[in-house]
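Following: one structure in structure tokens, then a few remarks.
None of the figures in this text is laboratory data; all of them are computed from the coordinates on show. Here the structure is a predicted model, which is why all the values come from computation and not from measurement. No Cβ is skipped: glycine too gets one built from the backbone with ideal geometry, and neighbour counts run over all protein chains shown.
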Amino acid sequence: MTKLLLIIGAGPVGMTMASELARYGVALRIIDKAPGRTDKSKALVLWSRTLELLDRGGGSTPFVDAGFKARRSISLQATRLSVASAWTACRPHTPTG
């Protein structure tokens, strides 16, 4: 009897997990509360580790190409400013560093 792994959520994390598990031959099923696909983003951020895992199969490029490249961020905690960051010194990640 083959056991089936259930992944709940077809967002970036669920799909990345499914992709990784499928690489190792794990039988799985993905369910999501939405009845079908959407053209709207459900992720505010795709973290670098998620992109690394997606890139194992060449899957990160469409996300990076379609994504909005943030240059700064502001984080609010209740009604006061918690963190403000400008990323002017940041470079895009490349395999050569």
Under a straight-distance cross-link criterion of Cα-Cα below 17 Å, which aspartates and glutamates are reachable from residue 40, leaving out those fewer than 8 residues away in the same chain? 32, 65
Residues of region 23-56 with amide N under 12 Å of the 7 Å Cα→Cβ point at residue 8: 31-33
Highest-first arrangement of 12-23, 27-38, where packing means the average Cβ count within 10 Å: 12-23, 27-38
